[in-house]
Amino acid sequence: MRRAPLIATLVFSALLTACSPEKPPEPKTDATAQASTAPIPADAPVILAFGDSLYAGYNLKPGEGYPPRLEAALNASGTPARLVNAGVSGDTTAAALQRLAFTLDNQPVKPTLALVGLGGNDMLRGLPPEETRANLDAILTEFDNRGIPVVLTGMVAAPNLGADYAGRFNPIWPEMAKKHKAGLVPFFLEPVIGNRALMLGDNIHPNADGVNRIVAATQGQVTEALQKAVATGK
């Protein structure tokens, strides 16, 4: 059975104290309410969300995780999309690489775009950043080979892991994005980290309001990448 948390509280304790002070979540707007019921066209392009607990919706109710909330927001804003949630809590980059081909082979419709969010569990387990880099490289190569463009949602090392680890870990995402011509969200949790009002009790994973904040921060980039993929046919 996979371990559910993405990153131990100890690992992110320095980030939680160093980031912005706690602020109350913003109230839901009419647009948010409309997003919950926006219809999805039958021929909407598919976005595959391939990642760990941050995609899987750890400890959230059905429909509150990042893929379903992003899907709702995209359709409400006039960008048709169907999100397939391939997030697995506890996945390392190595475990994700092992299941990637099976996941792609069993999609009834070829994804037009993929979101890839992995690496936090590698940091939790103290795995060498060189292994994380190699696995992400292989994952992105598989998407390249299948003609599926990617937006990477990145991770950064907690300060208490030390400058050496951060210096080897943090550059992985921008360098992989450049190598594979992928889109990049440098730090997926940036809109919520350090704000306990937007986090679950573990102060690691976003709550439903936190997910909405992340969706708002990333929706524009995903929209642009999806529209480009649709227009170019890849």
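Derivation of every value follows stated rules applied to the coordinates shown; laboratory data play no part. A quick note: this is a predicted structure, and the numbers were derived from the prediction, not measured. Backbone-built Cβ (ideal geometry, glycine too); neighbour counts: all protein chains shown.
Computing FRET efficiency as 1/(1 + (r/R0)^6) for residue 102 and residue 125, where r is the C-beta to C-beta distance and R0 is 30 Å, gives about 0.85. Segment residue 203..residue 43, full-extension length gain: 53.8 nm, with 0.36 nm per residue of separation and the alpha-carbon distance subtracted.
Most tightly packed first, judged by the mean number of other beta-carbon atoms within 10 Å of their residues, the peptides 195-206, 44-55, 177-188 read 44-55, 195-206, 177-188. In the structure shown, the pairs 61/178; 61/181; 61/110; 110/178 are assessed against 30 Å; a Cα-Cα span above that value is assigned to 61/178; 61/181.
Cross-link reach is defined here as a Cα-Cα straight distance under 18 Å, omitting same-chain residues fewer than 8 places apart; for residue 228 the aspartates and glutamates meeting it are 43, 71, 144. Going by Cα centres, region 175-229 and region 36-103 are how many Å apart? The two parts, judged by their Cα centres, are 13 Å apart. Evaluating 6.51 cos²θ - 1.76 cosθ + 1.60 at θ = phi - 60° for every residue in region 89-96, the Karplus couplings come out as 4, x, 5, 8, 5, 5, 5, 5 Hz, glycine and proline recorded as x. If a spin label sat at a point 7 angstrom from the Cα of residue 109 along the line to its beta carbon, the backbone N atoms of region 76-101 nearer than 20 Å would be those of 76-87. A cut-off of 5 Å between modelled amide H atoms, ignoring neighbours fewer than 5 places along the same chain, links residue 117 with 50, 51, 52, 153.
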